[in-house]
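Chemist: Below: one structure in structure tokens.
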Amino acid sequence: MIKLEYGFKASKVLVAAGLSTLLSACGGGSSGGTSTETPTTPTTPTVDINTEFADYLTDLTDNHIIPSYEAMLAQAQTLKSAGDVFCALTSPNTSELQTYQQTWSSFNSAWQSIQWLKVGAVVEDSRLFRIQLWPDENDAVSRGVESLLLEQITVTADDVSGVNVGGQGIPALEYLLFPEDSSDSLINASDKAKRCEVSLAIAQNLVNISDDIASDWQASGGNYRAQFIEGTGDFSSVVDSVEELTTNWLEHIEIVEDSKLFEILGEESPGNYQDAEHILNDESLLSIATNIETFLTIYTNDDGKGFDSILIDFLEQQSISDEITISLTSVSSQITQINLDFDSYETALADSEGREAITNLVDEMRILIDLIDVSFTQALDLNLGFNSSDGD
């Protein structure tokens, strides 16, 4: 039910004041002429759902989306700078390599916080897959990197952008920075100079891609912000923008629940760890934690206008909002506890208590998916994209 405030008491006071003034101007009540003027009752403007959605989109874009892409660009630049420093060393040591590796982790974390959104420049020119191809069912990452390592010329970012998408992004750098065989390390490999060269080219490619995406959202660039908030360009209306955003949100929750957790859990110990997102440096659980933290941000918009405030303050759907908040908070606390209890995803998958914890997390995420797909969308009268939850 939409709650409207009309201020009837104030209206009556204003009407009375208007009549009194009118009678005075006519020389009194019974002895004066009849006035042809009719006093108007002031009205309080009402807010509709489109205004609520526009406020939500504005706050989410300015407080989460644009800052996330800016952080991603900054981390990509830091990654490239760290690579330049490392690769300039004559005899680098393990500690210096770890510094380079840490910048990879920071960039990956920045990406995981905005990985859910699939509108704008990130979905153009295959950027989504160039940043991260996963799952990699055809060994595209190793094939792409190995082809670059065989190049006789000095490999540049332009060269990287021309190979298959698997050799261009986060997994490609992971392949070089965290090799399965220590003989391929950037410290020990016989071709470590070439490996460093390729790693720098991939890092610069990520800088270029990140810059393109961040610029597209800026007013001085593509100004995609305006399209998204106003429901123009790629969108037919503000409601369409919200529906696309919600579809992206729900799809990514399903990806985390199914592809990152359930399929990796498998039917029995030790699960299918070999198919996890980051098996070379085992940051799968950390990435999942970042994803889940972002899901809560999308819903509450932190201190800005959130879906929760629209449900509670505008639609008076407190119970639905509470259910979603409780579920989001539960999955967040569960993944945090799993990360505290186990030093790696592989260990958790092989441990009976770890498997039980992951199973409970999957179950709670399925509850969350149902809440968003049914209760949430019905309360906000949203029609989601056909591929959000129908298995296509």
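Chemist: Residue under question is Gln115, and the condition is that it be closer than 27 Å to Gly231 by Cα and among the polar types (S, T, N, Q); does it hold?
Modeler: Yes: the conditions hold for Gln115.
Chemist: Can you pull out the helices (runs of 4 or more DSSP H) entirely within region 317-392 that have at least 3 residues that are within 21 Å of the chain's Cα centre (by Cα) and within 19 Å of Leu285 (Cα to Cα)?
Modeler: Those helices (runs of 4 or more DSSP H) span 318-341, 352-370.
Chemist: Among (1) of a type in the set (Lys, Arg); (2) open to solvent by 20 Å² or more (accessible area, probe 1.4 Å); (3) more than 23 Å from the chain's Cα centre (by Cα), there is one condition Arg225 misses while meeting the rest; what is its number?
Modeler: (3)
Chemist: Does region 194-204 include one or more residues that are open to solvent by less than 40 Å² (accessible area, probe 1.4 Å), farther than 30 Å from Leu149 by Cα and part of a helix (DSSP H, G or I)?
Modeler: no
Chemist: Given the conditions (1) more than 24 Å from Asn63 (Cα to Cα); (2) of a type outside the set (Gly, Ala, Ser); (3) part of a helix (DSSP H, G or I); (4) touching a residue at least 12 places away in the same chain (Cβ under 8 Å), which single one is not true for Asp308?
Modeler: Every listed condition holds for Asp308 apart from (1).
Chemist: So, in region 205-222, of the ones that are among the polar types (S, T, N, Q) and not in a helix (DSSP H, G or I), which residue ends up surrounded by the most Cβ atoms within 10 Å (Cβ to Cβ)? Please lay out each step first, then the result.
Modeler: Step one: of region 205-222, the residues among the polar types (S, T, N, Q) are 205, 208, 210, 215, 218, 220.
Filter once more, so that each one left must be not in a helix (DSSP H, G or I): 218, 220.
Working: Gln218: 14, Ser220: 6.
So the residue we want is Gln218.
Chemist: Just a yes or no: is a residue in region 347-357 closer than 23 Å to Ile324 by Cα and open to solvent by less than 60 Å² (accessible area, probe 1.4 Å)?
Modeler: There is at least one residue in region 347-357 that is closer than 23 Å to Ile324 by Cα and open to solvent by less than 60 Å² (accessible area, probe 1.4 Å).
Chemist: Enumerate the pairs (first residue in region 223-239 and more than 13 Å from Tyr56 (Cα to Cα) and hydroxyl-bearing (Ser, Thr, Tyr); second residue anywhere and modelled with pLDDT of 95 or more and not in a helix (DSSP H, G or I)) with beta-carbon separation below 7 Å, excluding pairs fewer than 6 apart on the same chain, so at least 6 apart or on different chains.
Modeler: Ser237/Gly231
Chemist: So is Leu133 crowded, with 20+ Cβ neighbours inside 10 Å and aliphatic (A, V, I, L, M) or not?
Modeler: Details: crowded, with 20+ Cβ neighbours inside 10 Å: yes; aliphatic (A, V, I, L, M): yes.
Considered against the rule, which asks whether it is crowded, with 20+ Cβ neighbours inside 10 Å and aliphatic (A, V, I, L, M), Leu133 comes out as yes.
Chemist: Another question, then. Taking Ile326, is it at negative phi, crowded, with 18+ Cβ neighbours inside 10 Å and modelled with pLDDT of 95 or more?
Modeler: No, not satisfied.
Chemist: Considering region 276-313 alone, what residues qualify as being open to solvent by 20 Å² or more (accessible area, probe 1.4 Å), under 15 Å from Ile65 (Cα atoms) and among the aliphatic types (A, V, I, L, M)?
Modeler: Leu296, the sole residue that qualifies.
The values are calculated or read from the model by the stated rules, or taken from the named source; none is laboratory data. Treat the numbers as computed from the prediction; the structure is a model and nothing was measured. Here the Cβ is made from the backbone with ideal geometry for all residues, glycine too, and neighbour counts use every protein chain on show. When the accessible area is computed, the model is the full protein with side chains, heavy atoms only, and any ligands, DNA or RNA have been set aside. Shrake-Rupley method; radii C 1.70, N 1.55, O 1.52, S 1.80 Å.
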